[in-house]
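Report on the following structure.
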Amino acid sequence: MMMELRDVRIGVIGLGYVGLPLAASFSAKFDVVGFDINESRVAELNRGHDRTRELSDHELAAARRLTFTTDPEQLASVNVFIVTTPTPIDAHKKPDMGSVLAATRTVGAALQPGDVVIYESTVYPGATEEDCVPLLEQVSGLVLDEDFFVGYSPERINPGDKEHRFETICKVTSGSTPEAAAFVDSLYREVVTAGTHCAPSIKVAEAAKVIENTQRDVNIALINELAMVFNRLGIDTHDVLAAAGTKWNFLNFKPGLVGGHCIGVDPYYLTHKAQEVGYHPEVILAGRRLNDSMGEYVAYQLVREMLRRGIDTRGARVLILGLTFKENTPDLRNTRIVDIVAELTEFGLKVDVHDPWVDADEALEEYGIETVSDPESSAYAAVVLAVAHQEFRDLGSEGLRAFGVDGDHVLYDLKGIVPKEQSDARL
């Protein structure tokens, strides 16, 4: 028999970009324990601050039924566990389930009869039931659908987006039995104002998540390839997209780098499972290869424009504005700006990176990049507007060009922010 909603006590495992907003939202209706193994992260949250900026200090203070801990013993009082740990890829572009399985062991140690475990982490179809459930049973000594139940509700957090938030995005739900599915769905409906969609199985919910981002990845790859073609033809890609976008059913994707925790990663989870069952995906992997090559292409375009203008590239200084994977967030996960930095360095240029949203220590630790807090004026042979932070938008073309050597520099607008006649190159 499923527990009543009034008896629910939630434990959220993982307090990053996904887990923290979810925990705060649920704390409006339930007692919530937020658990993370990162001691500095938990200490920061206990001081009332969120470095990801997904929650303001005021929002964090308002979550009075939410407590934070690194002590797994504090999960003993919980009867609904929600796992939100990251699912990255390894150096060989294979799924890395290490964090999810570690969280599963933690949950298994606290699991009691009647409890429910819900996974939000992006995984390949079958991972919850084939990888996580056996580990839960092994650690806890309990049996699925007799002693405990499992659900899957894929995260849809969009870092930096203050409009589309946990509560305002329709939530896909599922469960290991029809009763479990109904319970999970009703639990999320308590806080998600946008409504829910109860999938017929956990595998369907898992598959829905990975194709959301795979679809975007493939579409962006198409636009990136079109941009390469149009550049050779001397046609402005953004002008083409503006014209094509007047048709009611045209999908208006933009060219650019594809990074972050989802779009540049999730397709590899799907292709991994496809290959496991004997199918080699063609379109999905082709799109991944093309998108992964865009940093190299941007660097080549920039150097070619510098040479065309007679700028000596030997030891020339280049300023890259932006390091995060998208605008108006400090999120550095899987940022592809690093590919541009690496390629330009290979060309022999001296690259400075400036990003007001980024923690300098994190950039150095994650990517070995020392960011500059105050770029010099009139010092750079090229300026690359790589991320559309509002601070950079506010500068306008005149402010952006102020970083360039007077009368002898290239402004590369990777994001298509300034009018095309005010930049020297763009995708």
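Observations on the model:
- Elements of type helices (runs of 4 or more DSSP H) contained in region 303-408, each with 1 or more residues being surrounded by fewer than 20 Cβ atoms within 10 Å (Cβ to Cβ) and of a type in the set (Lys, Arg): 390-401
Residue-by-condition table, conditions (1) at pLDDT 95 or above; (2) closer than 21 Å to residue 343 by Cβ:
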residue	(1), (2)
213	no, no
218	yes, no
221	yes, yes
228	yes, yes
247	yes, no
282	yes, no
300	yes, yes
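- Within region 274-302, considering residues that are closer than 26 Å to residue 400 by Cα and aromatic (Phe, Trp, Tyr), the one surrounded by the most Cβ atoms within 10 Å (Cβ to Cβ): 297
- Condition met for residue 384 (in contact with a helix residue (DSSP H, G or I) (Cβ under 9 Å, 6 or more places away or on another chain) and touching a residue at least 60 places away in the same chain (Cβ under 8 Å)): yes
- Of 394, 408, all but one fail to be over 27 Å from the mean Cα position of the chain (by Cα) and among the charged types (D, E, K, R); the exception is 408.
- Residues (open to solvent by less than 10 Å² (accessible area, probe 1.4 Å), among the β-branched types (Val, Ile, Thr) and in a helix (DSSP H, G or I)) located in region 92-132: 100, 104, 107, 128
- Where a residue in region 398-424 is more than 20 Å from residue 311 (Cα to Cα) and its partner, wherever it lies, is of a type in the set (Ser, Thr, Tyr) and part of a loop (DSSP other than H, G, I, E, B), with Cβ under 9 Å and at least six apart: 416/423; 417/423
- The single condition among (1) closer than 27 Å to residue 410 by Cβ; (2) of a type in the set (Val, Ile, Thr); (3) buried (at least 19 other Cβ atoms within 10 Å of the Cβ); (4) touching a helix residue (DSSP H, G or I) at 6+ places or on another chain (Cβ under 7 Å) that residue 271 does not meet is (1).
The values are calculated or read from the model by the stated rules, or taken from the named source; none is laboratory data. Since this is a predicted model, take the numbers as computed values, not measurements. Don't worry about glycine lacking a Cβ; one is built from the backbone with ideal geometry, like all the others, and counts go over all protein chains shown. Please note that ligands, DNA and RNA were not included when accessible areas were found on the heavy atoms of the full protein model with its side chains. Shrake-Rupley method; radii C 1.70, N 1.55, O 1.52, S 1.80 Å.
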